[in-house]
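Following: one structure in structure tokens, then a few remarks.
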Amino acid sequence: MSQSPSVSRNYIWNTINQVFILLVPLILTPYLSRVLGADGIGIYSYVNSIASYFIITAILGTTLYGQRSIACVRNNKEECSKVFWEIQIFRMLASTICLAFFFIVISFIKENILIYFILSINIVNVIFDISWFYCGIEDFKKIAIRNFVVKILNMVFIFVFINDPSDLWLYAASIVGFSILGNASMWFGLPKILVKVKDVRPLKNIKDIILLFLPTMATQVYCVLDKSMIGWITGSSYQNGCYEQAEKVARFSLSIVTSVAMVVLPRVANLYKNQMKEDVLFYIYKAYRFTTFLAFPIMFGLIGVAGTFVPVFFGEGYDLVEVLMPIFSILVVSVSLAYLTGYSYLISTKQQNVYTFSVAVAAVCNLAINFILIPKIGAVGAAIASVSAEIIGVVIQIGYCCLSHQLELKKIFEGAFKYLVSSFLMLLVLLAVQRYLPKTVLGLLALIATGVAAYSLMLFIFKDDFFRNNIKMVFRKLQMERR
């Protein structure tokens, strides 16, 4: 574990992993949208949002704390093993308590009780999930391969056995079952990495864990509570179903960009512990450049293809998704910057109090906007609230880092103006071309290809060094492989 893997290679593996985590549900979405219907999707989304509160509480702040802690001691087998078991035992205790409380809560619920019981297993799944450990030692390849195999098996199962709305319980069971199978498989590699240790104290770092739990819990206010509030206030499974589908598309697109933040976190934490501050800034600024390079075209791309994507992908009965997608597209930029600033920098450099404050303020704003807008415009109001909260959070984070002279605003957004203008011009091209393309799979693929070509052309015209250097690097690697 002494040798640090390549950041670019880790990014590739983590991007494959994150994309695949969301790609499989995205592939399944057209099928499930027609088989389970908007109401079925809405029921699952609502119940899952309730179960998520207990899962988040069971995890507390151990995922981020675990990644950071393992990254700092990964070169010492004994310390690494000790940290692993302290965190793992803590997760086991927390999961047991949360599971007990979950059963108390659902004892008062009468509808969809079977789905609640099935999804309760996800609380137990927290114990089996040790992906945080592999992130800490920067072994993203193992996580990606595990997810690939498990998701493919799950996808085959769904296509074979989920055939009508009455199979909703079986769909929920397959998601839970294959998730546990994948997490359990990760344990087989531990004997080669860990050693036996004594004096394990799982509660000694409870303060730091709870400090990281608070922003995680607050974040769920605008990631999960939105769906719960749509259900409570509107009573409409259709609204919830459309909200779920639109958010799913945005989160899928987002995963391509946020992968860089997840890879940079353990590297920055390790460099910060070794007081290599110049290297920390090198990785952070490089990650910002890469993030804006991808985030702006993806955001405008989602707006540009929404009119074709929704009818092709979801079929009939999802008109509301076409309205929600452009709103959710803003998350690609705001969340990407928040991941990088909050996770990769503030948490890695042990400034989680600032991160907690920013997320808490954003969560309060989200809740207030939800109460105002959901009764009036339903899921659209919830989407506006989510986007507003994310923007408020990232403005606070970046503002603090710049005002405290830790980061420079100019370097954070270096090249961003070119990417913004190029992306906007790409959007105009997409809107013009979309009129002449059929609303079919081929039409959608042609539209996406047009967007990629238009954005690339704009960057060549603007002579963007970052883009041109990366293109040259790719060609050099291809030529070397041919030789």
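Points to keep in mind about this one:
- Residues located in region 407-426, provided they are touching a residue at least 40 places away in the same chain (Cβ under 8 Å) and surrounded by fewer than 22 Cβ atoms within 10 Å (Cβ to Cβ): LEU407, LYS411, ILE412, PHE413, GLU414, GLY415, ALA416, LYS418, LEU420, VAL421, PHE424
- A single entry from ILE372, ILE396 fulfils the requirement of being buried (at least 16 other Cβ atoms within 10 Å of the Cβ), on the phi < 0 side of the Ramachandran plot and hydrophobic (A, V, I, L, M, F, W, C): ILE396.
- Test: residue in region 13-35 that is surrounded by fewer than 18 Cβ atoms within 10 Å (Cβ to Cβ), modelled with pLDDT of 80 or more, more than 21 Å from ALA144 (Cβ to Cβ) and of a type in the set (A, V, I, L, M): no
- Per this entry, LYS286 is counted among residues that are closer than 19 Å to GLN397 by Cα, free of Cβ contacts under 8 Å to residues at least 12 places away in the same chain and surrounded by fewer than 24 Cβ atoms within 10 Å (Cβ to Cβ).
- Within the set ALA416, ALA449, ALA362, the sole residue that is modelled with pLDDT of 90 or more, within 26 Å of the chain's Cα centre (by Cα) and not β-branched (Val, Ile, Thr) turns out to be ALA449.
- Being at pLDDT 80 or above, touching an Asp or Glu at 6+ places or on another chain (Cβ under 9 Å) and either assigned to a helix (DSSP H, G or I) or within 20 Å of LYS418 (Cβ to Cβ) (or both) holds for only one residue in ARG267, ARG289, and it is ARG289.
- Within region 130-182, the set of residues being within 18 Å of the chain's Cα centre (by Cα), surrounded by fewer than 21 Cβ atoms within 10 Å (Cβ to Cβ) and within 23 Å of VAL47 (Cβ to Cβ) comprises ILE175, SER179.
- Candidate set from region 83-117 (those that are modelled with pLDDT of 85 or more and among the charged types (D, E, K, R)); member that is surrounded by the most Cβ atoms within 10 Å (Cβ to Cβ): ARG91
- Matching residues, region 59-83, being in contact with a Cys (Cβ under 7 Å, 6 or more places away or on another chain), of a type outside the set (A, V, I, L, M, F, W, C) and part of a helix (DSSP H, G or I): GLN67
- Only one entry in ILE41, ILE87, ILE109, ILE56 is in a loop (DSSP other than H, G, I, E, B) and among the aliphatic types (A, V, I, L, M), namely ILE109.
The values are calculated or read from the model by the stated rules, or taken from the named source; none is laboratory data. Computed from a predicted structure; not experimentally measured. As a convention, Cβ positions derive from the backbone with ideal geometry for all residues, glycine included, and neighbour counts pool all protein chains shown.
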